[in-house]
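Reading through the structure tokens given below for one structure.
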Amino acid sequence: MSKLSQRHLLGIKNITAQDIELIFETADTFKEVINRPIKKVPSLRDVTIANIFFENSTRTRLSFELAEKRLSADVVNFSASTSSVKKGETLLDTVNNILAMKVDMVVMRHASVGAPHFLARHIKANIVNAGDGTHEHPTQALLDTYSIREKLGGVAGKKVAIIGDILHSRVALSNIFALQKLGAKVMVCGPPTLLPKFISSLGVQVELDVKKALEWCDVANVLRIQLERQQIKYFPSLREYSLYYGITKRTLDNLKKQIVIMHPGPINRGVELSSDAADSPHSIILDQVENGVAVRMAVLYLLAGAA
């Protein structure tokens, strides 16, 4: 029986192309489940999962919680803003206290790069990284890549442009790893101040002109400007960013071909994407949300050793 090569999902960098394909095949099955009248399966009936979020999240936390409940797992939700972390408790003490309550798996988001990797070295439960700082967000990359596979019939050979705030994005790095492992060609595009200096060493093309990036690609994965992570100004104003890098329906209609528009959410409407572009037939943004539940069900199921 097929199993993942890792006990944890800490990042896309750690897993193989075969792991990704196995997750996708499993997600295909679960996508059928969540579109049935009875949307639950008893696959993780005896498994307890703790969602531990040290950063604010709406989409990711709800998506994981729904995936867990669809699999019939017992779910414990933990928010750092209302916890003993505020009283000075360490990350390891917090998690060990939760594990003492016999939790089998931990889904964790943390502002510090490497926090899930640290936990994986110190505790026995399976760890799923739901985003660590500006490092990786593996399940987002999996659902993005799965959505491309679903829409275009495959990933190998497709041209994907990741456009926006690459410097502060954990989604960008995970997407680059996932797309390259499945044979896609990747380009990053954004203002020079929002592109990491090392980015070309990852084997991606770099483009500063958004129109050229859109002409080149089959898929544009548009990222938001992460103002909450920016300590200094990286561009004069949001209005100026929108003027040079914002994508509108008119921009898309002027292209010589039809491309797919994606966005991990939340969208800053009128900044990186206009409403008419986000809601256009080009967009598969809501498909990404639906696919996120199926992909996260697949990850949890496979990590629990049920396969």
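The values are calculated or read from the model by the stated rules, or taken from the named source; none is laboratory data. Everything quoted here is computed from the prediction, not taken from an experiment. Positions of Cβ are backbone-derived with ideal geometry, glycine not excepted, and every protein chain shown enters the neighbour counts.
Would you check if V75 is of a type in the set (V, I, T) and at pLDDT below 95?
No: the conditions fail for V75.
Step by step: first the residues of region 41-68, then only those that are touching a strand residue (DSSP E or B) at 6+ places or on another chain (Cβ under 8 Å) and in a loop (DSSP other than H, G, I, E, B), then the one that is surrounded by the fewest Cβ atoms within 10 Å (Cβ to Cβ). Which residue is that?
S57
Can you tell me which of (1) surrounded by 19 or more Cβ atoms within 10 Å (Cβ to Cβ); (2) modelled with pLDDT under 95; (3) β-branched (V, I, T) is the one I38 doesn't meet?
Of everything listed in (1) surrounded by 19 or more Cβ atoms within 10 Å (Cβ to Cβ); (2) modelled with pLDDT under 95; (3) β-branched (V, I, T), I38 misses just condition (1).
So which residues in region 133-163 are part of a strand (DSSP E or B) and over 12 Å from the mean Cα position of the chain (by Cα)?
Those that are part of a strand (DSSP E or B) and over 12 Å from the mean Cα position of the chain (by Cα): K159, V160, A161, I162, I163.
Would you pick out the residues in region 16-35 that are surrounded by fewer than 19 Cβ atoms within 10 Å (Cβ to Cβ) and among the β-branched types (V, I, T)?
Selection gives T16, T29, V33, I34.
Could you list, ordered by first residue, the pairs with Cβ atoms under 7 Å in which the first is in region 240-258 and closer than 21 Å to L208 by Cβ and the second is aromatic (F, W, Y), at least 6 apart or interchain?
Between residues of region 240-258 that are closer than 21 Å to L208 by Cβ and residues that are aromatic (F, W, Y), the close pairs are Y241/F235.
Given the options R121, R149, name the one that is outside the structural domain of V295 (by TED's automatic domain parsing) and either at pLDDT 95 or above or of a type in the set (K, R) (or both).
Only one candidate qualifies: R149.
Just to be sure I understand the filter: pairs with C-beta atoms under 9 Å, separated by 6 or more residues or on different chains, first member in region 189-214 and not assigned by TED's automatic domain parsing to the domain that holds Y241, second member at pLDDT below 90. Which pairs pass?
Qualifying pairs under 9 Å: none.
Only one of (1) crowded, with 19+ Cβ neighbours inside 10 Å; (2) over 25 Å from A67 (Cα atoms); (3) modelled with pLDDT of 95 or more is not met by L303, so which one is it?
(2)
Scan region 191-222 for residues that are in a loop (DSSP other than H, G, I, E, B) and modelled with pLDDT of 95 or more and jot them down.
Answer for region 191-222, where residues must be in a loop (DSSP other than H, G, I, E, B) and modelled with pLDDT of 95 or more: G203, V204, L208, D209, C217, D218.
Just name the residue that is nearest to C189 (Cα to Cα) out of those in region 238-256 that are among the hydroxyl-bearing types (S, T, Y) and in a helix (DSSP H, G or I).
If we take residues in region 238-256 being among the hydroxyl-bearing types (S, T, Y) and in a helix (DSSP H, G or I), then Y245 is nearest to C189 (Cα to Cα).
For region 117-132, how many residues are assigned to a loop (DSSP other than H, G, I, E, B) and among the charged types (D, E, K, R)?
Going through region 117-132 one residue at a time, the tally reaches 1.
Filtering region 223-234 down to residues that are within 21 Å of R170 (Cβ to Cβ) and among the charged types (D, E, K, R), which residue is modelled with the highest pLDDT?
The qualifying residue modelled with the highest pLDDT is R224.
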